[in-house]
Amino acid sequence: MLEHLPTHVRDALFAYRTCEFATLAKDGTPIAVPVSPVILPEQERIVITTSIGLPNKAFNVRRDGRVSLLFSDPTASGLDHPPAVLIQGDAVCPDRIETWTPELEQLWRMLDERQPVSKMYVRNALTRYLMDWYYMRLVIWVTPRRVRWWEHGDFAALPHEFEKEMNYVG
Amino acid sequence: MWDKLKHQVSTFGSAVLTAHDANGYPMSVRTAVHINDDRHELRVEVPATAEVQSGSASLLFHQHNAQLWNLRIVLVRGELTSTGNAWVFRPQPLAPSLHALRAILNCRKTATAYLRKRGLARPPIPWDRLKAIKQH
C-alpha cells in the first residue's frame, strides 16, 4: 500500500518531522502523541518506537492493536502546502527491549540530522546516566490498512483514499 | 483549571482531535479550536467526511521548531459530542505539567520499574555506536 501511494504523498510521509500517533488507552479513549516514525515502504510497515520510560503507547497497542498516524504539521518539512495524511492500521509491540536494531539505527541517524540538540544525550557521563532509559526502546510495528489524504492540508476538502486492496478512491 | 486550559489553548494555532471512527479505530484530524468561555467547552471543526464518532476523545496541541526542538505538548482528554451543526469537546482537567528535569527523572523511574517487574537487568546501551552517529 505505501509503495503505491502517489509520489507527493510518499514524499510527505518522509519529510514530516513528526506525526500524531494514536492508540486506544486503557479506558478506550483515543490518545495521540507526537512521534518520529520510520517509514518502511518496502516492508509495507511503519515503525514507531518508544522508551520503556514512556511505555503507555506500547501497553495500549498490546491491549488493542488499532492505531492511526496523522501527518499534519509540516514545520521544517521543506515542503510547500503538502497533503495531510491519515494512516489507520494494525499494530503489534513485542515485549522485548531493544537498544540497537536496523530500524533504531535509521531512527537515530534521522534524529541526528533533524534534531541536533539530541546530541547532548550522549555527550558525557552525567547525560548518559540521566538519559540511558531513552535508548531502551520498545518497537511498535504498524501495518497500514487504510490511507486518506487531504491535498494541501485542507481538511474541509474531500479526502483521497487508498484501502488495503489498493482501491484508489479519487 | 479552565483558565489554565484556556490559556494553553490560546497559545496554539490548531490542535489534533483524535476520536473513534465507525470501526472503532482511532482517527485524527487537525482542527481550529474555539473557546466557549461561558460553557467551559471547546468547539472543534470536524470534516463531514471524517467519520468521527461521538464519545471519549482527546485534543493534542503540540509544536516544535525547525530543529525539532523547543517542544511544547499539551494533551487534553474529554468527551466529543455532535450538537447537530457543530462538534463540542468537553475537556477533563489537565494533568499537572512537570519541570524538564523532574520529567526526565520520572521517566528513569518508570524505566527502572519496567525492568524490575520483568526481572531484567539494565541493558547496556551501545554508547560508542550512538556517539559515532552523532560525531559524523
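The values are calculated or read from the model by the stated rules, or taken from the named source; none is laboratory data. Everything numeric in this text was worked out from a predicted model, so none of it was measured. Ideal geometry is used to build each Cβ from the backbone, glycine not excepted, and the neighbour counts take in all protein chains shown. When the accessible area is computed, the model is the full protein with side chains, heavy atoms only, and any ligands, DNA or RNA have been set aside. Shrake-Rupley method; radii C 1.70, N 1.55, O 1.52, S 1.80 Å.
Has the stretch B:94-110 got any residue that is more than 24 Å from the chain's Cα centre (by Cα), of a type outside the set (Lys, Arg) and either more than 10 Å from every other protein chain (Cβ to nearest Cβ) or under 18 Å from B:Ile73 (Cα atoms) (or both)?
no
Inclusion of A:Leu69 among residues that are facing chain B (nearest Cβ under 7 Å), surrounded by 19 or more Cβ atoms within 10 Å (Cβ to Cβ) and either farther than 29 Å from B:Arg129 by Cα or without any contact (Cβ under 8 Å) to a residue 40 or more places away in the chain (or both) is not warranted.
Of all residues in the stretch B:70-98, exactly one satisfies the criterion of being aromatic (Phe, Trp, Tyr) and open to solvent by 30 Å² or more (accessible area, probe 1.4 Å), namely B:Trp87.
Would you check if there is a residue in the stretch A:55-66 being free of Cβ contacts under 8 Å to residues at least 12 places away in the same chain, of a type outside the set (Gly, Ala, Ser) and open to solvent by 10 Å² or more (accessible area, probe 1.4 Å)? Quick ask: steps written out before the conclusion?
Step one: of the stretch A:55-66, the residues free of Cβ contacts under 8 Å to residues at least 12 places away in the same chain are none.
Looking through the stretch A:55-66, none of the residues is free of Cβ contacts under 8 Å to residues at least 12 places away in the same chain, of a type outside the set (Gly, Ala, Ser) and open to solvent by 10 Å² or more (accessible area, probe 1.4 Å).
Is there any pair linking a residue in the stretch B:12-24 that is closer than 17 Å to A:Phe21 by Cα and more than 7 Å from chain A (Cβ to nearest Cβ) to one that is in a loop (DSSP other than H, G, I, E, B) and of a type in the set (A, V, I, L, M, F, W, C), with Cβ under 9 Å and at least six apart or on different chains, and which? Partner pairs satisfying both residue conditions: B:Ser14/B:Ala32; B:Ala15/B:Ala32; B:Leu17/B:Val46; B:Leu17/B:Val52; B:Asp21/B:Val52. For the stretch B:116-136, the set of residues classified as outside any loop (DSSP other than H, G, I, E, B) and facing chain A (nearest Cβ under 7 Å) consists of B:Trp127, B:Arg129, B:Leu130, B:Lys131, B:Ile133, B:Lys134, listed by residue number. Could you grab me the full set of residues in the stretch A:90-115 that are open to solvent by 50 Å² or more (accessible area, probe 1.4 Å), at the interface with another protein chain (Cβ under 9 Å from one of its Cβ atoms) and assigned to a helix (DSSP H, G or I)? A:Glu105, A:Arg109, listed by residue number.
One residue alone among A:Trp133, A:Trp141 is crowded, with 17+ Cβ neighbours inside 10 Å, in contact (Cβ under 8 Å) with a residue 40 or more places away in the chain, out of contact with any Ser or Thr (no Cβ under 8 Å at 6 or more places or on another chain) and of a type in the set (Phe, Trp, Tyr), and that residue is A:Trp141. Restricting attention to the stretch B:87-112, the residues being closer than 27 Å to B:Arg72 by Cβ and either assigned to a helix (DSSP H, G or I) or among the small types (Gly, Ala, Ser) (or both) number 14. For first residues located in the stretch B:59-72 and facing chain A (nearest Cβ under 7 Å), partners that are assigned to a strand (DSSP E or B) and open to solvent by 80 Å² or more (accessible area, probe 1.4 Å) and lie 6+ apart or on another chain with Cβ distances below 7 Å form the pairs B:His62/B:Ile73. Residues that are without any contact (Cβ under 8 Å) to a residue 40 or more places away in the chain and either in a loop (DSSP other than H, G, I, E, B) or of a type in the set (Val, Ile, Thr) (or both) within the stretch A:7-36 comprise A:Thr7, A:Ala25, A:Lys26, A:Asp27, A:Gly28, A:Thr29, A:Ile31, A:Val33, A:Val35, listed in sequence order.
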